[in-house]
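Chemist: Below is the structure I would like to discuss, written out as structure tokens.
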Protein chains: 2
Amino acid sequence: MNYKKIAFDVMGSDNGLIPAVDAAIKLLGEQKDLKIIFVGKEDLIKNALKNKKYNIEQVDFLDCKEIIEMTDGIIDIRRKKDSSMVKALELVRDGKADAITTGGATAPFIAGCIFIIKRLESIERPAFMPVIPTLIKDKVTLLLDVGANLESDPEDLEKFALMANAYSKSILKVKEPKIALLNIGEEPSKGTEVHKKTYELLKNNSQINFYGNIESRYVTSGFVDVVVTDGYTGNMTLKAAEGMAKNLLFEIKQAITKTLFRKLAALRLKKAFNEVKAKFDYKNHAGAIVLGVDKIAFKSHGSSDVISFYATLKMTYNAIKNDVISNLKTSLNIK
Amino acid sequence: MNYKKIAFDVMGSDNGLIPAVDAAIKLLGEQKDLKIIFVGKEDLIKNALKNKKYNIEQVDFLDCKEIIEMTDGIIDIRRKKDSSMVKALELVRDGKADAITTGGATAPFIAGCIFIIKRLESIERPAFMPVIPTLIKDKVTLLLDVGANLESDPEDLEKFALMANAYSKSILKVKEPKIALLNIGEEPSKGTEVHKKTYELLKNNSQINFYGNIESRYVTSGFVDVVVTDGYTGNMTLKAAEGMAKNLLFEIKQAITKTLFRKLAALRLKKAFNEVKAKFDYKNHAGAIVLGVDKIAFKSHGSSDVISFYATLKMTYNAIKNDVISNLKTSLNIK
């Protein structure tokens, strides 16, 4: 069978490799044309696979001695040549896998994508792009960049918009994605010189359905399909929203379990709370793609559990299936 | 009696002047040494005061014809010389009031503070500073700047830290306020050149109890008393957190009222939800001070209701009572 192959770096995430392996088994059961190459300490992986039910044809291994740790920096991607992250990236570079998924450290991973997979032609700065849940049912918003770069110039931001546009169309099947520029206010005159120039570029780009500026308070409101920003601002905005969601949910949990009376009432709302959590919990949106490199590269949250890894692997699989790289190249006019 | 006097610009906020007047009446009843000078359309204000119980000694009026509208810009503070905002600022400048409170447009107000009240010696860029609720009971965090400036250099940021330090000590009675620098990661090496230089300045400033870098996800966690950042990043972070809180609370409300069964259970948790809302609703934290000008100047959220205006007026009153300007001057070494 002509398998779609994911090189899955199962080392280096906070919760060890068991949730990673479990998530892989789940997706393999669902997608019969998927092959997962487990990259990492083979004995540990095989141990985690013991007694699990799966089709052995769909599984492969690449044994590695080293691990890129959470505390490792960009430089370690050059130093740890036998690490699972480097080896998995090389599998993709060499065409032995169609995509990589990892739960490892972000900075070395992005650096590895750039050094090993290489950038797409005309892309100076690749972007790191998560999928954000919104108030609107089944609608997500793509936010980029959230931290692959600290700074971006208007031309970078225009390319982010073009890449996210192609992703939204090809993967999320949005017909004419609405694309907004993150800014401190809605008027075209708001923000820095970079904002003003980017506003003009996006407004005048006929490939893009430009919405205008959007404030960070509306990133989760579902008004648009794509929000473009520099990596520094995107990182701050994403973490501020995530942190508030986490703290608020914690606070609510404290309040509704304070007395026995409240606990009993809360039990009856368990399903309701689970619905909200399923939507706004980052576990279901733990995957982010490195956009602008020549292959499909997904990162799952460092503290991923089975749900998170499963969600990210599924996004990776969908990206292969919908040939996202060809779509990106077309939108960027790369032959 | 030697009254503490607030010039209260009651025009130009989204909900009209009635909530502003009602909030003032409430605080006047509680604080017998407070006088409020209502600045705005006198006939409308007097109409709103009709049938209200208050001590007429504690109330004064300044009639103005013009209003700074929400859509007005910085330039309008120069143009609308008979506006309530300008007139109220002039009362403070001329020593006829100890402080100003407004619910009007932010940008003209900050500009007005700088043009009319004037900056403190040595302060190039005043900051706009709200009070952020946190997970920890009765603990708030001061965040500055949230948008008075788009850019700040390390020296500005150090002054923000010194001013917030003095505010935290004198108004919030925190003994040794922990001060953090907002950044994309915790390590000293993180962020831009401005971050790295600011990190050094704060670390080496003996007046400051420096915590180190903090990520935006922890701004509402209550780890520190003050978070220092440039106005652009502060604005993005604050709005992202506010937006997420609002959207999440909305989503929960939808989920717990979807069926009759859920509605009934939710009724029993009304008090619990109100506790959470009271804490994280910006209404109770609607006030922000313009820090770095020579008088006390507070802005309440544009869409303030009675609760918001009351909270902001009370902050203003406390700032007068605790002589915040003298404390700021001392901490900045201004005689």
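The values are calculated or read from the model by the stated rules, or taken from the named source; none is laboratory data. Owing to the predicted nature of the structure, the values given are computational and were not obtained by experimental measurement. Neighbour counts run over all protein chains shown; Cβ positions are idealised from the backbone, glycine included.
Chemist: Please find, within region B:215-230, the residue that is nearest to the other protein chains (Cβ to nearest Cβ) out of those that are in a helix (DSSP H, G or I) and surrounded by fewer than 24 Cβ atoms within 10 Å (Cβ to Cβ). Can you show your working first?
Modeler: Within region B:215-230, the subset in a helix (DSSP H, G or I) is B:216-218.
Add one more test, that the residue is surrounded by fewer than 24 Cβ atoms within 10 Å (Cβ to Cβ), and what stays is B:217-218.
Working: B:Arg217: 3, B:Tyr218: 6 Å.
Ranking the candidates gives B:Arg217 first.
Conditions (1) closer than 17 Å to B:Leu238 by Cβ; (2) in the same structural domain as B:Leu28 (by TED's automatic domain parsing), marked per residue:
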site	(1), (2)
B:Leu264	no, no
B:Ala278	no, no
B:Phe298	yes, yes
B:His301	yes, yes
B:Asp305	no, yes
B:Ser308	yes, yes
B:Asn318	no, yes
B:Lys321	no, yes
B:Ile325	no, yes
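Chemist: Spot the failing condition for A:Ile252; the list is (1) aliphatic (A, V, I, L, M); (2) surrounded by fewer than 20 Cβ atoms within 10 Å (Cβ to Cβ); (3) assigned by TED's automatic domain parsing to the domain that holds A:Gln207, and only one is missed.
Modeler: (2)
Chemist: Picking from A:Lys35, A:Lys46, A:Lys5, which residue would you name as being touching an Asp or Glu at 6+ places or on another chain (Cβ under 7 Å), over 19 Å from A:Lys299 (Cβ atoms) and basic (Lys, Arg)?
Modeler: A:Lys35
Chemist: Ok, one more. List the number of the failed condition for B:Ile184; all other conditions in (1) under 29 Å from B:Ser304 (Cα atoms); (2) of a type in the set (Val, Ile, Thr); (3) assigned to a loop (DSSP other than H, G, I, E, B) hold.
Modeler: (1)
Chemist: Here is a further query. Take B:Arg119 and decide whether it is in the same structural domain as B:Asp60 (by TED's automatic domain parsing) and closer than 21 Å to B:Leu62 by Cα.
Modeler: Against the criterion (in the same structural domain as B:Asp60 (by TED's automatic domain parsing) and closer than 21 Å to B:Leu62 by Cα), B:Arg119 does not qualify.
Chemist: Please verify whether region A:235-252 includes one or more residues that are at pLDDT 95 or above, among the aromatic types (Phe, Trp, Tyr) and not in a loop (DSSP other than H, G, I, E, B).
Modeler: So far as region A:235-252 goes, no, none of its residues is at pLDDT 95 or above, among the aromatic types (Phe, Trp, Tyr) and not in a loop (DSSP other than H, G, I, E, B).
Chemist: Restricting attention to region A:267-276, does a residue exist that is facing chain B (nearest Cβ under 7 Å), over 24 Å from B:Tyr218 (Cα atoms) and within 23 Å of the chain's Cα centre (by Cα)?
Modeler: Yes, region A:267-276 contains a residue that is facing chain B (nearest Cβ under 7 Å), over 24 Å from B:Tyr218 (Cα atoms) and within 23 Å of the chain's Cα centre (by Cα).
Chemist: While we're on this one: Of A:Lys279, A:Lys329, A:Lys271, A:Lys335, which residue is among the basic types (Lys, Arg), assigned to a helix (DSSP H, G or I), free of Cβ contacts under 8 Å to residues at least 24 places away in the same chain and surrounded by fewer than 21 Cβ atoms within 10 Å (Cβ to Cβ)?
Modeler: The unique qualifying residue is A:Lys271.
Chemist: In this structure, is B:Glu151 over 18 Å from B:Thr134 (Cα atoms) and more than 9 Å from every other protein chain (Cβ to nearest Cβ)?
Modeler: no
Chemist: Please specify each residue of region A:238-255 satisfying the condition of being of a type in the set (A, V, I, L, M), under 14 Å from B:Asn247 (Cα atoms) and within 7 Å of chain B (Cβ to nearest Cβ). Spell out how you get there, then give the answer.
Modeler: To start, the set of residues in region A:238-255 that are of a type in the set (A, V, I, L, M) comprises A:238, A:240-241, A:244-245, A:248-249, A:252, A:255.
Checking the rest, the ones that are also under 14 Å from B:Asn247 (Cα atoms) come to A:240-241, A:244-245, A:248-249.
Scanning region A:238-255 gives A:Ala240, A:Ala241, A:Met244, A:Ala245, A:Leu248.
Yes/no per residue for (1) assigned to a helix (DSSP H, G or I); (2) not charged (D, E, K, R):
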| position | (1), (2) |
| --- | --- |
| A:Ala161 | yes, yes |
| A:Ala166 | yes, yes |
| A:Lys197 | yes, no |
| A:Tyr211 | no, yes |
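Chemist: Answer with yes or no whether A:Glu186 is over 18 Å from A:Ser331 (Cα atoms), out of contact with any Ser or Thr (no Cβ under 9 Å at 6 or more places or on another chain) and touching a residue at least 24 places away in the same chain (Cβ under 8 Å).
Modeler: For A:Glu186, the condition - over 18 Å from A:Ser331 (Cα atoms), out of contact with any Ser or Thr (no Cβ under 9 Å at 6 or more places or on another chain) and touching a residue at least 24 places away in the same chain (Cβ under 8 Å) - is met.
Chemist: Kindly establish whether B:Asp294 is closer than 19 Å to B:Val140 by Cβ and of a type in the set (Asp, Glu). Don't jump to the end; show me each part of the working.
Modeler: Values: closer than 19 Å to B:Val140 by Cβ: no; of a type in the set (Asp, Glu): yes.
No, not satisfied.
Chemist: On to the next question. Would you call A:Leu62 of a type outside the set (D, E, K, R), buried (at least 24 other Cβ atoms within 10 Å of the Cβ) and either modelled with pLDDT of 95 or more or not assigned by TED's automatic domain parsing to the domain that holds A:Asp225 (or both)?
Modeler: Judged against the criteria, A:Leu62 is not a match.
Chemist: Given the conditions (1) surrounded by 19 or more Cβ atoms within 10 Å (Cβ to Cβ); (2) under 30 Å from B:Lys270 (Cβ atoms); (3) of a type in the set (Ser, Thr, Tyr), and given that A:Ser308 satisfies all but one, which numbered condition is not satisfied?
Modeler: (2)
Chemist: In region B:3-41, what residues are more than 19 Å from the chain's Cα centre (by Cα) and assigned to a helix (DSSP H, G or I)?
Modeler: B:Ile18, B:Asp22, B:Ile25, B:Lys26, B:Leu28, B:Gly29, B:Glu30
Chemist: With the requirement that a residue be crowded, with 24+ Cβ neighbours inside 10 Å and without any contact (Cβ under 8 Å) to a residue 40 or more places away in the chain, what does region B:3-20 give you?
Modeler: Across region B:3-20, the qualifying residue is only B:Leu17.
Chemist: Another question, if that's okay. Any residue in region B:191-214 that is farther than 21 Å from B:Gly292 by Cα, at the interface with chain A (Cβ under 10 Å from one of its Cβ atoms), buried (at least 18 other Cβ atoms within 10 Å of the Cβ) and among the hydrophobic types (A, V, I, L, M, F, W, C)?
Modeler: no
Chemist: Here's a follow-up. Would you check which residues across region B:154-190 are more than 14 Å from every other protein chain (Cβ to nearest Cβ), surrounded by fewer than 16 Cβ atoms within 10 Å (Cβ to Cβ) and within 30 Å of A:Gly231 (Cα to Cα) and list them? First the steps, then the outcome.
Modeler: So in region B:154-190, the residues more than 14 Å from every other protein chain (Cβ to nearest Cβ) come out as B:154-179.
Next, from what is left, pick out any that are surrounded by fewer than 16 Cβ atoms within 10 Å (Cβ to Cβ): B:155, B:173, B:175-176.
Hit for region B:154-190 is B:Glu155, nothing else.
Chemist: A follow-up question, please. Inspect all residues belonging to region B:87-94 and state whether any of them is in contact (Cβ under 8 Å) with a residue 12 or more places away in the chain, of a type outside the set (Lys, Arg) and in contact with a Lys or Arg (Cβ under 7 Å, 6 or more places away or on another chain).
Modeler: yes
Chemist: Let me ask you something else. Limited to region A:113-129, what total is found for residues that are touching a residue at least 60 places away in the same chain (Cβ under 8 Å), surrounded by fewer than 24 Cβ atoms within 10 Å (Cβ to Cβ) and not β-branched (Val, Ile, Thr)?
Modeler: 6
Chemist: Here's a follow-up. Tell me, please, whether a residue that is touching a strand residue (DSSP E or B) at 6+ places or on another chain (Cβ under 9 Å) and polar (S, T, N, Q) can be found in region B:16-33.
Modeler: yes
Chemist: In addition: If you check A:Ile110, A:Ile136, which single one turns out to be β-branched (Val, Ile, Thr), out of contact with any helix residue (DSSP H, G or I) (no Cβ under 7 Å at 6 or more places or on another chain) and either surrounded by fewer than 18 Cβ atoms within 10 Å (Cβ to Cβ) or without any contact (Cβ under 8 Å) to a residue 40 or more places away in the chain (or both)?
Modeler: A:Ile136
Chemist: Which residues, counting only those in region B:279-320, are within 13 Å of the chain's Cα centre (by Cα) and hydroxyl-bearing (Ser, Thr, Tyr)?
Modeler: B:Tyr282, B:Ser300, B:Ser304, B:Ser308, B:Tyr310, B:Thr312, B:Thr316, B:Tyr317 - these are the residues of region B:279-320 that are within 13 Å of the chain's Cα centre (by Cα) and hydroxyl-bearing (Ser, Thr, Tyr).
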